[in-house]
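Okay, structure first, notes after.
Any read-out appearing in this document is the output of simple, stated calculations on the displayed coordinates, not a laboratory observation. Quick caveat: nothing in here was measured; it's all calculated off a predicted structure. Cβ atoms come from the backbone with ideal geometry, glycine included; neighbour counts cover every protein chain shown.
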Amino acid sequence: MTANAQPEVYEEAARDRLAFWEKMARRLEWAQQWDTVLEWELPYAKWFVGGKLNASVNCVDRHVAAGRGDKVAFHWIGDGERDRRDVTYADLHRQVCQAANALLDLGVQAGDQIAIYMPMIPETVVAMLACARIGAPHTVVFCGFSAEALRSRILDCGCRVVITVDGQFRRGSSAPVKPIVDDALTACPDVRRVLVVRRTGNDVAWTAGRDRWWHEVVDEQSVQHEAQAFDAEHPLYIMYTSGTTAKPKGILHTTGGYLTHVSATHHYVFDLKPETDVYWCAADIAWVTGHSYIVYGPLANGATSILYEGTPHPGDKDRWWKLIEHHKVTILYTAPTTIRTLMKWGAEELEPYDLSSLRILGSVGEPINPEAWIWYHTHVGGSRAPVVDTWWQTETGGIMITPLPGISEAKPGAAMQSFPGVSADVVDNEGKPVPNGSGGFLVLTEPWPGMLRGIWGDDQQYRDTYWSRFKGAYFAGDGAKKDEDGDLWLLGRVDDVMNVSGHRISTTEIEHALVGHPSVAEAAVVGASDATTGQAIVAFVTVRSHVADEVANGERFAEELRNHVAAVIGPIAKPRQVIITPELPKTRSGKIMRRLLRDIADGRELGDVTTLLDATVTDLIRERMADRAEEREG
Ligand code: PRX
């Protein structure tokens, strides 16, 4: 079968970038054609200006109208063995129409923001599409985030409605979710409605007048809903992500350009053949990877996907391989951290299974080390399936740098080349492109359809964060190099953002959480190298004078602080280690020297220490780290 991408696609896009993106936009169904492809007033882009479309019609209705209603959109596999459900495009259509009607009944209008705090179940997709259908931007919050994290997002976004579940299943046991929402809402006076999907059936507290069961409100609705077309630039969703400040930023995505970008990249990068492929993106829907490559991209392309509620865990090491064999999965898209975990468990776990259906393997979220790349290609892909290492960000909306299967030569660890129509470059400190064989900062030099349209409620931060470092270009915050052939290698963040298991976590946000603890005076957080998670969170903390030495130096106190961070932000932000120290290494002007702490955390020789105020501090911290390591091993 011929590949979707032919070598000419690069030339075509290079000849006329905008014409290429117009052609990609025509893969969608528009209620009204656009007049202008791009209006660009740096740093503000508008794509497909004057065009109108409905995202949910593009993801659902048009496939049903084309006679593909019986095609499975999602093979949903829940956490427990007994939970399985196939959702066809016709099912999705009915449910999305009902949910859209229900939201309208609850008083939601186009332009109202809605928070979705739900696990990996089909209703989460339905809720997102129902919001999109009526023009209500959604903000999906990862179900592992704390009440405080949820509350801050609801408040920042100005949500009036929350859609959630009673509880969720994780590794066979149920965990409450609605109580977390109740807690968050104690200080969100504008939230008028909470729609609750019954997932676990556990008892939950109920606020009369505010809380409604999904099955009572949604199931009784008409299965028809006439969708209105929205402006191409109508907000589709807001996704919060960590930056270098303590407060997560709300990244705004709009409709026409975003849908064009994610559907085009999904088509070419994964070489998707909707009639025959079974596609599995193993991210959580709540991250941008889930939005773009579980929901909007694949559904716009009419794909059949796996929607899997669980994550790999040591009690069930071969679960993934069983699923791939059973569903004859052809395309797998996951993060290097997962690949490294599966690699650690060994190839013998997958040997009993027939994985020959796999024909394309994707990687996303962090640099993939060549060893993991080769293992993935050799053992999972049978040395046959190409690996596409895709670089992009919450802000870019869709894939930006990637090989294309069938065209690009593969180099283990390299994301290779800009996607057609995308212009990435590597520049030096002054913003000049570096020659082949050199490293620098990754920038994007032309606007692209899926780009963020701003930071919700903070235009200045939008300009400062992305558009002020290099004149005329978008600064991604990543280091990169061009090899001798001009191919791109991503080298990780160059700012205070860590990447832990493919999750973006801000050092400042964790420091903020730590100093919120009554016993903590100061905190400095760094990302240390970790063989499985890529980076691991290590926190260095000084305590307030009222804390006795015996308490501060005990392992129980460090544990308390780790749990404190998990409670404030969520378990994904829990530090691997908290080291209590009498002082932090500082410069004479009082700045904490994080660079030295990173060296200590990685067990490296210290770099330049000439500006350090008190050199004994670093020796002491090193001793503490060594003691803790011994305790952990002992
Ligand atoms: O540092 C880069 C890393 O993940 C960051 C974006 O994180 P987030 O917005 O959470 O989106 C993750 C999923 C798209 C980037 O700034 N990153 C992402 N993909 C890669 C990567 N680093 C290296 N190689 C990649 N393929």
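Dimensions of the range 322-392 along principal axes (Cα, Å, largest first)?
Computed over the range 322-392, the largest-to-smallest principal extents equal 31, 22, 19 Å.
Bin width 10 Å, origin at 0, all Cα-Cα pairs of the range 89-228: what percent of pairs per bin?
All Cα pairs, binned at 10 Å, distribute as 13, 46, 34, 7, 0 percent.
Quick check on the range 85-148: what does the Kirkwood estimate of hydrodynamic radius come out to from the alpha carbon pairs, in Å?
12.3 Å
For the chain, with the dipole built from +1 on Lys and Arg beta-carbon atoms and -1 on Asp and Glu ones, taken about the Cα centre, which of A73, V515, S468 lies farthest toward the positive end?
Comparing the listed Cα positions along the dipole, A73 ranks first.
Considering only the chain, what is the antiparallel percent among its DSSP beta bridges, to the nearest 5?
60 percent
Once amide H atoms are built 1.01 Å from N in the peptide plane, which residues 5 or more positions from I163, or in another chain, come under 5 Å H to H?
Close amide H contacts, sequence-distant or interchain: A115, I116, Y117, L195.
How many angstrom separate the Cα center of the range 347-414 from the Cα center of the range 447-504?
That distance is 22 Å.
Only bridges with both residues in the range 501-633 count here: give the DSSP antiparallel percent, nearest 5.
For the range 501-633, the DSSP antiparallel bridge percentage is about 75.
How do T244, T289 rank when sorted from fewest to most other Cβ atoms within 10 Å of their own Cβ?
T244, T289
Mind ordering 547-555, 578-586 by average Cβ neighbours within 10 Å, highest first?
Ranking the peptides 547-555, 578-586 by packing returns 578-586, 547-555.
What Kirkwood hydrodynamic radius do you get for the range 501-633 when you take the inverse of the mean 1/r over all pairs of distinct Cα atoms, in Å?
For the range 501-633, the Kirkwood estimate is 15.0 Å.
Can you compute the modelled spin-label distance between V515 and D83, with each label point 7 Å from Cα toward Cβ, in nm?
In this crude spin-label approximation the distance works out to 4.0 nm.
In vacuum, with every alpha carbon of the range 384-489 counted as one equal point scatterer, what does the Debye formula give for log10 I(q)/I(0) at q = 0.09, 0.17, 0.22 Å⁻¹? Two decimals, please.
Result of the Debye calculation: -0.24, -0.79, -1.20.
Once the piece of chain linking R62 and W467 is laid out straight, how much longer is it, given 0.36 nm per residue of separation minus the C-alpha distance between them?
Computed gain between R62 and W467 is 142.0 nm.
Name the residues whose placed amide hydrogens come within less than 5 Å of the amide hydrogen of S506, ignoring near sequence neighbours (fewer than 5 apart) on the same chain.
Residues meeting the criterion, in which the H sits 1.01 Å from N, are M498.
Can you give the local net charge around L612? Use residues other than it whose beta-carbon is closer than 15 angstrom to its beta-carbon, Lys and Arg +1, Asp and Glu -1.
After counting each charged neighbour, the total is +1.
Taking the DSSP beta bridges in the range 89-228 as the whole, what percent of them are antiparallel, to the nearest 5?
20 percent
Per residue of the range 110-116, what does 6.51 cos²θ - 1.76 cosθ + 1.60 with θ = phi - 60° give for ³J(HN,Hα)? Whole Hz please, x for Gly and Pro, Karplus curve as stated.
3, x, 7, 8, 10, 8, 10
Do the sum for the chain: with -39,500 (n - 2.57) for every DSSP H run of n ≥ 4, divided by all residues, what is the mean residue ellipticity at 222 nm, to the nearest 500 deg cm²/dmol?
Per the formula, -8000 deg cm²/dmol.
Which value in Å does the Kirkwood hydrodynamic radius of the chain take, with 1/r averaged over all unlike C-alpha pairs and then inverted?
Final number for the Kirkwood radius of the chain is 25.5 Å.
If we count other beta carbons within 10 Å of each Cβ, what is the order of V609, V64, fewest first?
With the sparsest Cβ surroundings first, the list reads V609, V64.
Between A13, I154, I569, whose Cα lies farthest towards the positive end of the dipole of the chain when Lys and Arg beta carbons carry +1 and Asp and Glu beta carbons carry -1, centred on the Cα centre?
Most positive-ward Cα: I154.
Fewest first, what order do F74, F557, F540 take by the number of other Cβ atoms within 10 Å?
F557, F74, F540
For the range 378-423, what is the convex hull (Cα atoms) projected area averaged across all directions, in square nanometres?
Taking the Cα atoms of the range 378-423, their convex hull projects to 3.8 nm² on average.
How big is the dipole moment of the chain about its Cα centre under a simple scheme where the beta carbon of each Lys and Arg is +1, that of each Asp and Glu is -1, and everything else is neutral? Debye, nearest 20, please.
Value, rounded to 20: 700 debye.
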